[in-house]
Amino acid sequence: NSVCHNDNDAIVLTNTENSVISYNTISFNKYQGMSLYAANYNFIFSNIFQKNDYENAIKLEKAQNVILERNTCNNNSPNDIAVLVYYSNRIYLFDNTFSDNGDGLIVET
């Protein structure tokens with residue numbers, strides 16, 4: 001799947017369980033490339049996020065048991081974050097690539 005020139009969050013999972021998000025290309029998105037809120041047991045792999053202008057490529061808020069593997073975040077705005085983990089537990093990151101980002105990964109509690 002491909003989402004280009006979107007003015008909002010490209011993918012939003014709220015109160016979602018057992019989802020698999022894979023092999024998506026999200027480019028020139030205005031806000032979050034992917035936002036997970038209170039989402040549990042989700043597997044996010046092999047996605048490409050390019051040029052998110054104002055927010056984060058991936059934001060996890062109140063999420064648990066999320067696996068992020070082989071995702072690529074390129075050219076995120078210098079003031080923003082590739083992956084923001086906020087009030088979340090058991091987040092597993094493997095083989096991800098963050099390039100040209102202001103911050104690659106921030107974990108807040």
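Within segment 30-39, track down each residue that is surrounded by 22 or more Cβ atoms within 10 Å (Cβ to Cβ), modelled with pLDDT of 90 or more and either assigned to a loop (DSSP other than H, G, I, E, B) or on the phi > 0 side of the Ramachandran plot (or both).
The answer is ALA39, and nothing else.
When you scan segment 40-75, how many residues do you find that are of a type in the set (Asp, Glu) and at pLDDT 90 or above? Steps first, answer last, please.
The first filter runs over segment 40-75 and keeps only residues of a type in the set (Asp, Glu), leaving 53, 55, 61, 69.
Retained after the next criterion (residues that are at pLDDT 90 or above): 61, 69.
Residues meeting the conditions: 2.
Residues of segment 1-53 being acidic (Asp, Glu) and touching a strand residue (DSSP E or B) at 6+ places or on another chain (Cβ under 6 Å), which ones?
ASP9, GLU17
Within segment 42-57, is there a residue that is on the phi > 0 side of the Ramachandran plot, more than 13 Å from the chain's Cα centre (by Cα) and without any contact (Cβ under 8 Å) to a residue 40 or more places away in the chain?
No, every residue in segment 42-57 fails to be on the phi > 0 side of the Ramachandran plot, more than 13 Å from the chain's Cα centre (by Cα) and without any contact (Cβ under 8 Å) to a residue 40 or more places away in the chain.
Quick check, is ILE67 buried (at least 17 other Cβ atoms within 10 Å of the Cβ) and assigned to a strand (DSSP E or B)?
Against the criterion (buried (at least 17 other Cβ atoms within 10 Å of the Cβ) and assigned to a strand (DSSP E or B)), ILE67 does not qualify.
Based on what the data block shows, is ILE91 within 13 Å of the chain's Cα centre (by Cα) and either surrounded by 18 or more Cβ atoms within 10 Å (Cβ to Cβ) or at pLDDT below 85 (or both)?
no
Given the criterion buried (at least 16 other Cβ atoms within 10 Å of the Cβ) and assigned to a loop (DSSP other than H, G, I, E, B), identify the matching residue among ASN42, ASN56.
Being buried (at least 16 other Cβ atoms within 10 Å of the Cβ) and assigned to a loop (DSSP other than H, G, I, E, B) holds for just one of ASN42, ASN56, which is ASN56.
Could you check, for segment 18-29, whether at least one of its residues is touching a Gly at 6+ places or on another chain (Cβ under 9 Å), assigned to a strand (DSSP E or B) and surrounded by fewer than 18 Cβ atoms within 10 Å (Cβ to Cβ)?
no
How about segment 1-17: which of its residues are surrounded by 12 or more Cβ atoms within 10 Å (Cβ to Cβ), within 15 Å of the chain's Cα centre (by Cα) and assigned to a strand (DSSP E or B)?
Across segment 1-17, the qualifying residues are VAL3, ILE11, VAL12, LEU13.
The values are calculated or read from the model by the stated rules, or taken from the named source; none is laboratory data. Keep in mind it's a predicted model, so treat the numbers as computed, not measured. Positions of Cβ are generated from backbone atoms using ideal geometry, with glycine treated the same way; all protein chains shown enter the neighbour counts.
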